[in-house]
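S.K.: After the structure tokens below, expect a handful of questions from me.
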Amino acid sequence: MSAIDERFEFACATIKDAGALALGYFRNFESLEVKSKGVQDMASEADIETEKLIERAIKGRFGEDAFLGEENPDSFVSKPGKGTWIIDPVDGTQPFVNGIASWCVSIAFVEEDNFSFGVVFDPNHDELFAAKAGCGATLNGRPISASSATSLLDGLVSVGYSNRVKPEDTLGPLTRLMNANGMYHRSGSGALSLAYVAAGRLIGYFEPHMNSWDFAAGALIIKEAGGMINDCLPNEQAMIKGSLVLAAAPGVYDELNRIVSASA
């Protein structure tokens, strides 16, 4: 078994353990301890403990690798010549702490600025979206592919938003999408929305700024499912600072890109 295959299998098993832990917290969300990280940005006890579980597992098995987790990004130390695990223990914390089942766990592994594999697990629906570079994308082991849509009229485009950007950075593209008779959707979990683009449930996704732990796994899953995504490769700058993310089915990517890129 190659080193990547070993890590991929480990990630698929570990993310289910992490999902089970997070789901236990979710089922008792009224008792969660929640801390503010800024305006409309928070972390719960579930985020912190789930990340600890994943980090302990990775460092116990692959201690030579670098680790970047959402809950403690300042501790990230790059290791030249070694791969990096990029983790979001609970993507969709706001839905999570309000009892809405629209969240997931995300794990990605990158080497030399290239995605090696990505896994996204939705414990509420027992859905594991996974992809390894060059091997296609799957949902619970079965191949998935992006939508065959050829128009923005053919499905839903998910739109993400955070207070890291100005409201008009989202409202401009959203207004143009609606003026083009497109329909939008927002779940509160960017990683899960990207997985839905890969599975053909959504025809596109746009967010003016995403952190790498939100998009890294989903980006590869979309590529391996035949979808398209902008250049948000996880180089060290993007890993720390994040990136605009635009993903879509091949038949609507250019149309969505024009809407997102147009002047307000």
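S.K.: May I ask you to verify whether ALA149 is of a type in the set (Gly, Ala, Ser) and either within 29 Å of ARG258 (Cβ to Cβ) or part of a helix (DSSP H, G or I) (or both)?
M.R.: For ALA149, the condition - of a type in the set (Gly, Ala, Ser) and either within 29 Å of ARG258 (Cβ to Cβ) or part of a helix (DSSP H, G or I) (or both) - is met.
S.K.: Of the residues in segment 66-81, how many are closer than 27 Å to GLY136 by Cα and touching a residue at least 24 places away in the same chain (Cβ under 8 Å)?
M.R.: 3
S.K.: Let me ask something else about it. Could you tell me which of the residues LEU233, LEU220, LEU202 is of a type in the set (A, V, I, L, M), assigned to a loop (DSSP other than H, G, I, E, B), in contact with a strand residue (DSSP E or B) (Cβ under 8 Å, 6 or more places away or on another chain) and under 20 Å from CYS135 (Cβ atoms)?
M.R.: Every option except LEU233 fails the conditions.
S.K.: Which residues, counting only those in segment 162-192, are touching a helix residue (DSSP H, G or I) at 6+ places or on another chain (Cβ under 6 Å), closer than 19 Å to SER151 by Cα and in a helix (DSSP H, G or I)?
M.R.: Within segment 162-192, PRO173, ARG176, LEU177 meet the criteria.
S.K.: Considering only residues of segment 111-121 that are at pLDDT 95 or above and not polar (S, T, N, Q), which is nearest to the chain's Cα centre (by Cα)?
M.R.: Looking at residues that are at pLDDT 95 or above and not polar (S, T, N, Q), I get VAL120.
S.K.: Residues being surrounded by fewer than 17 Cβ atoms within 10 Å (Cβ to Cβ) and in contact (Cβ under 8 Å) with a residue 60 or more places away in the chain: count how many of those fall in segment 238-255.
M.R.: Here the count works out to 2.
S.K.: Let me ask you something else. Can you tell me which residue is modelled with the highest pLDDT among those in segment 29-49 that are over 12 Å from ASN98 (Cα atoms) and of a type in the set (Val, Ile, Thr)?
M.R.: Applying the filter and picking the extreme gives ILE48.
S.K.: A follow-up question, please. Could you give me the residue pairs with C-beta distances under 7 Å whose first residue belongs to segment 92-109 and is without any contact (Cβ under 8 Å) to a residue 60 or more places away in the chain, whose second residue is assigned to a strand (DSSP E or B) and surrounded by fewer than 24 Cβ atoms within 10 Å (Cβ to Cβ) wherever it lies, and which are 6+ apart or on separate chains?
M.R.: Filtered contacts from segment 92-109: THR93/MET42; THR93/ALA43; THR93/SER44.
S.K.: On the given criteria, is ASN124 within 27 Å of ALA46 (Cα to Cα), over 14 Å from the mean Cα position of the chain (by Cα) and either in the same structural domain as LEU32 (by TED's automatic domain parsing) or β-branched (Val, Ile, Thr) (or both)?
M.R.: Yes.
S.K.: Right, another one. Filter segment 94-115 down to the residues that are surrounded by fewer than 24 Cβ atoms within 10 Å (Cβ to Cβ) and either among the hydroxyl-bearing types (Ser, Thr, Tyr) or in a loop (DSSP other than H, G, I, E, B) (or both) and list them by number.
M.R.: ASN98, GLY99, ILE100, ALA101, SER102, GLU112, ASP113
S.K.: Say we look at segment 135-164 and pick out the residues that are without any contact (Cβ under 8 Å) to a residue 40 or more places away in the chain and surrounded by fewer than 19 Cβ atoms within 10 Å (Cβ to Cβ); which of these is nearest to the chain's Cα centre (by Cα)?
M.R.: ASN140
S.K.: Another question about this same structure. In segment 165-192, which residues are surrounded by 15 or more Cβ atoms within 10 Å (Cβ to Cβ) and among the acidic types (Asp, Glu)?
M.R.: Passing the criteria: only ASP169.
S.K.: So, in segment 18-28, how many residues would count as being over 20 Å from the mean Cα position of the chain (by Cα) and at pLDDT 90 or above?
M.R.: The number of residues fulfilling the criteria is 3.
S.K.: Also: Let me spell it out: the conditions are (1) assigned to a helix (DSSP H, G or I); (2) surrounded by 13 or more Cβ atoms within 10 Å (Cβ to Cβ); (3) without any contact (Cβ under 8 Å) to a residue 60 or more places away in the chain, and THR14 meets all of them except one. Which number is the exception?
M.R.: (3)
S.K.: To continue, here is another question. Which count do you get for residues in segment 193-224 that are within 17 Å of THR150 (Cβ to Cβ) and either crowded, with 23+ Cβ neighbours inside 10 Å or outside the structural domain of ALA248 (by TED's automatic domain parsing) (or both)?
M.R.: Looking only at that region, the number is 4.
S.K.: Hey, can you tell me all the residues within segment 83-93 that are touching a strand residue (DSSP E or B) at 6+ places or on another chain (Cβ under 6 Å) and part of a loop (DSSP other than H, G, I, E, B)?
M.R.: GLY83
The values are calculated or read from the model by the stated rules, or taken from the named source; none is laboratory data. Fair warning: this is a prediction, and the values are worked out from it, not measured in the lab. Positions of Cβ are backbone-derived with ideal geometry, glycine not excepted, and every protein chain shown enters the neighbour counts.
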